[in-house]
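What follows is a single structure, written as C-alpha cells, with notes after it.
The values are calculated or read from the model by the stated rules, or taken from the named source; none is laboratory data. On a predicted model such as this, the values are computed, not experimentally measured, just so you know. Heads up, the Cβs are rebuilt from the backbone with ideal geometry, glycines too, and the neighbour counts pull from every protein chain shown. We work out accessible area using only protein heavy atoms, side chains counted, and drop any ligands, DNA or RNA first. Shrake-Rupley method; radii C 1.70, N 1.55, O 1.52, S 1.80 Å.
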Amino acid sequence: MLEFKPIELSDKDWVTKIVMTENSPSADYNFGNMYIWDKYYKQYLCPFDGRLLVKLCYEETPYFVYPIGQGPLKPAMDALIDHAHEIGCPLILEGVTEQHIEALEKEYPGCFSFEEQEDAADYIYLAQKLSTFSGKALHGKKNHCNRFEAQHQWEFVPITRENIPMCLDMLREWISANSQRLDDSISYEQEAIEEAFRVYEQLDMEGGILLSEGKVMGFSLGEMANSDCFNVHFEKADPTVNGAYPMVCRELCRMVMKNHPDLKYINREDDMGLPPLRQSKLSYKPEYILKKYTARWKNE
C-alpha cells in the first residue's frame, strides 16, 4: 500500500528533482507553490520509482495529481488505482495536460474520461515580450509604463529578508482597500503569500519590489517552473497608480531574465474563473494557454 505523508519543507530537494525531470511549464508541480498553498489543499506526497504521487484532501473526496517524473507511467498509475480502491474513493486526477492525456490513453485506452477545467488553465507568455512590451498588441502597456516613469522617481529592487516587512504592510493595505470586491479565497492567498515570505530563502523564491520615494508600489515573486519557464506566483500593485501593474510585470521579467539567461517563458498562472482577472491576463497577450483537465477512471 502506498504511504503518503504530509508535505514538509525538507521534501524540497527530491520533489524539485522530479519536477525538473518532468520539465513542464505547469504551475501545478513547483514545490514552492505546493508548499505555500498546503493549508488550503492539504497535500500528501509519496515518491514512486522516479515519479511524484500527490493526494489532495481539500474536499470530502480525495483527489490525486497526475504522477509526473520519469520512468514507466503504468506502475505508478497502477499503484494509484489500487490505492484509490483500498481507501474507497474514485480515482480522479487533476492537473492533467494534453501531453498527459496522450500518455494515459496509450497505457489505458478508453479507461479515462477527460473534462477541461478552463478556470485552471495557465497563461504562458514570451519573456522577451513582457520585458519590453514591444509590438502593437502591447503598446498600451508600454504607454502605461512610460507615464509611470515620467511621473515617479522609482527603482525595482530584489526582495530580501530586510524588505519583506514592507511587502507585508503593502499586502495588508491592498487587501483592506479591495476587501469589498474580493471573495473568501483572498484569505487563503494572503496566508500563502505570508508563508512564501516566511520561508522565502528556503524555497529559492525570486522576486522584486517596485519602490517610489521609499513607498512600495507593488511586488511580485515566484520560482522557476522548469528549465526555461519562470512561474509568477503573486503580483500585487497599487491599483490607483497608473502603470504600477505593468511596471511590476515588466521589471520582474527583466530581473529573472538576467538571473536566468536561458529563460524563454513566463507562466502567470490561471485566472480562477474570475472575469476581471481573465481579461487582465489576456491583455498581456499570452503566447499560448496551457489547458488543464480532470481525468476520471471510468470503472468506478
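Structure notes:
- If the condition is being within 13 Å of F31 (Cβ to Cβ) and surrounded by 14 or more Cβ atoms within 10 Å (Cβ to Cβ), then the stretch 196-207 contributes A196, V199, L203, M205.
- Test: residue in the stretch 145-166 that is more than 28 Å from D11 (Cα to Cα), of a type in the set (A, V, I, L, M), open to solvent by less than 70 Å² (accessible area, probe 1.4 Å) and in a strand (DSSP E or B): yes
- If you go through the stretch 206-227 and keep only what is free of Cβ contacts under 8 Å to residues at least 60 places away in the same chain, under 20 Å from the mean Cα position of the chain (by Cα) and not in a strand (DSSP E or B), you end up with nothing.
- Among residues of the stretch 76-118, those that are acidic (D, E) and touching a strand residue (DSSP E or B) at 6+ places or on another chain (Cβ under 7 Å), counted: 3
- Identification of helices (runs of 4 or more DSSP H) wholly contained in the stretch 1-118 with 2 or more residues that are farther than 23 Å from V199 by Cα yields 12-22, 73-87, 98-107.
- Only residues that are surrounded by fewer than 21 Cβ atoms within 10 Å (Cβ to Cβ) and either without any contact (Cβ under 8 Å) to a residue 12 or more places away in the chain or among the β-branched types (V, I, T) (or both) were counted in the stretch 33-61, giving 3.
- Residue within the stretch 119-136 that is out of contact with any helix residue (DSSP H, G or I) (no Cβ under 6 Å at 6 or more places or on another chain), open to solvent by 40 Å² or more (accessible area, probe 1.4 Å) and within 30 Å of K74 (Cα to Cα) present: yes
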